[in-house]
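Taking it in order: structure first as structure tokens, then the write-up.
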Amino acid sequence: MDSPLVSKLLTTHPNEYAAHPSLNLPQNWLDILLFYNGYPPNAPLPQEIEALITSIRHEQLPRSPIMMEAYPLPSEQGMSPKKAHEVSRMSTYVARLAKTVPGSANRVHIVDIGAGQGYLTCALRTHLPSARILALDADTAQTAGAQRWEERLLPKTHLPIDHKVVFISPDSLLAAVDDWVLETSGGDCNATEGSVPVIFVGLHACGSLTPDILRAFTKVVSTSSRRNWHPAGLVVVGCCYNLMVPTDYPPSLKHLPASAYQLAAQVPSEWIKCKSLPEKYNLEPAAALSIRKVVYRALLETVLDRSKAAPISNVKVTDTKSATVPARWSRHNTTVHSGTKQANGPAEVETPHRLGRLRDSAYTSWNNFLREAEKRLKVTFDDDVFDTELEGDIEHGRIASDTVLYNSLSSLHVLRCLLGPLIETHILRYRLDWLVLQLAGISSTNSNQTSALELHSKLVNLFDQSTGSGRNVAIVIASGSFDFFKTA
């Protein structure tokens, strides 16, 4: 990750490259994808690029999912096929783990951290009707929605799912569990049955939430003798690495800009589907669209100087927002000054307009994209900016006069995305190594802490990436007697 080429790729944003090309990149970006996915390219790639791709494939984690016959869900209503796949497999895995916890019959407690709409908690309640389950979330509206969902879905005979609204940190998480276990034991912190086994779970624990869960878990391992509960297992799948606080960056990646962590969400192994021969491949439409979006927006940087402010109109252009896009994502400079006068204040100040999020239909051709940009940015482009030769050509629509830059930008984006799984590999291995050291340290400093001696951690590929579940690796902690780590 510290080679000059990798550093240059990860610190060069396509928007910046479009304005100032600083890398000599191959034009055959489709061949880059073919070679990465194990197929011979149609044309030779530069030796440096081949060596980089070979190194990426060698260093990144394997992603084939474990063999598992998942339990049926009580309902898939409200879930996408991707979400249903994840909830089904994770709830099955956690249920099997719970049944292996020593002495856990009718006593196991499960904490769903960042429970959201409660799909996972409902599935766990169905699979483990005797378990006590706590759903933690920082969002009051999400928690209320989860409770309504449970009322419609779960039989009245089941134990209710407990809910708490908590802004989660290691300390607040442990405090919430302390209070909850005390409540479920009827206020008797010295229950005759002994210490209560508690399993932590988190599906898509964003940003630094995953490290905070791990910190809480290891902290309670070292202090469980002073509590009426003990950590019996953990299954956490992280995501949104770009939202981590910088202190949680792996040392091997600290030199990278924050934008590089967004690339960890990419799954280029699913972009190309080949039949029997290399020339019989299909580039996934979603992948082609994602590349085109990045390239068009980068190319926009090169033509903004060939635009002028549009006449002021009363047409209101609304920006399409997405709840799935983290609000803290950095925004790149795709703004122009339209000459709009600011309503308040003593002076007339030009207000910039942002391109914002566009519908997919805006990217069917370069001309469609420019027309939508004109509306959003309140400008008009010169006629020579538009593409007159490839109007309406979805597959090849681009600036005909600068195909070289188009292909170079495509290659840059593809190469950056190939590094995404490697970035996630470094993050996951760093978290696992930290866990191993923490548990070993607890065992060596306190020989009475048998729980630490019995706990082992491992990375487990829970989900199938072909379903759209890019973040498919769970960090799992279980007892030494647990043989669930035998993966296919």
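The values are calculated or read from the model by the stated rules, or taken from the named source; none is laboratory data. Please read all numbers here as calculations on a predicted model, not as lab measurements. Quick reminder, even Gly has a Cβ in these numbers, built from the backbone with ideal geometry, and neighbours come from all protein chains shown.
When ALA310, ALA260, ALA265 are screened for being modelled with pLDDT of 50 or more, touching a Ser or Thr at 6+ places or on another chain (Cβ under 9 Å) and closer than 20 Å to LEU418 by Cβ, only ALA260 passes. Of all the residues in the stretch 36-56, those that are part of a helix (DSSP H, G or I), more than 19 Å from ASN24 (Cα to Cα) and either without any contact (Cβ under 8 Å) to a residue 60 or more places away in the chain or among the charged types (D, E, K, R) (or both) number 2. Being surrounded by fewer than 19 Cβ atoms within 10 Å (Cβ to Cβ), within 28 Å of ALA176 (Cβ to Cβ), over 21 Å from the mean Cα position of the chain (by Cα) and of a type outside the set (Gly, Ala, Ser) is not true of THR247.
Is it true that some residue in the stretch 394-412 is touching a His at 6+ places or on another chain (Cβ under 8 Å), at pLDDT below 95 and more than 30 Å from ALA70 (Cα to Cα)? No: zero hits.
A residue that is within 22 Å of the chain's Cα centre (by Cα), surrounded by fewer than 16 Cβ atoms within 10 Å (Cβ to Cβ) and modelled with pLDDT of 90 or more can be found somewhere in the stretch 9-18. Against the test of being touching a Pro at 6+ places or on another chain (Cβ under 7 Å) and closer than 30 Å to LEU182 by Cα, the options VAL94, VAL101 yield a single qualifying residue, VAL101. Considering every residue within the stretch 215-230, establish whether at least one is at pLDDT below 95 and in a strand (DSSP E or B). Yes - at least one qualifying residue is present in the stretch 215-230.
Among the residues here, LEU455 does not qualify as over 26 Å from VAL6 (Cβ atoms) and at pLDDT 95 or above.
Just one of the listed residues (PRO231, PRO211) is under 20 Å from the mean Cα position of the chain (by Cα) and either without any contact (Cβ under 8 Å) to a residue 12 or more places away in the chain or not assigned by TED's automatic domain parsing to the domain that holds ILE53 (or both), and it is PRO211. If we scan the stretch 40-60, do we find a residue that is out of contact with any Pro (no Cβ under 6 Å at 6 or more places or on another chain), over 18 Å from SER408 (Cβ atoms), modelled with pLDDT of 90 or more and of a type in the set (D, E, K, R)? Checking the stretch 40-60: at least one residue is out of contact with any Pro (no Cβ under 6 Å at 6 or more places or on another chain), over 18 Å from SER408 (Cβ atoms), modelled with pLDDT of 90 or more and of a type in the set (D, E, K, R). Right, SER88: of a type in the set (Ser, Thr, Tyr) and more than 24 Å from the chain's Cα centre (by Cα) or not? Judged against the criteria, SER88 is not a match. Take the conditions at pLDDT below 90 and either touching a Phe, Trp or Tyr at 6+ places or on another chain (Cβ under 8 Å) or closer than 27 Å to SER410 by Cα (or both) and apply them to TYR93. Does it pass? No, not satisfied.
The single condition among (1) within 30 Å of TRP271 (Cα to Cα); (2) modelled with pLDDT of 50 or more that LEU377 does not satisfy is (1).
Taking the stretch 57-88, which residues are in a helix (DSSP H, G or I), among the aliphatic types (A, V, I, L, M) and surrounded by fewer than 20 Cβ atoms within 10 Å (Cβ to Cβ)? Correct list: ALA84 only.
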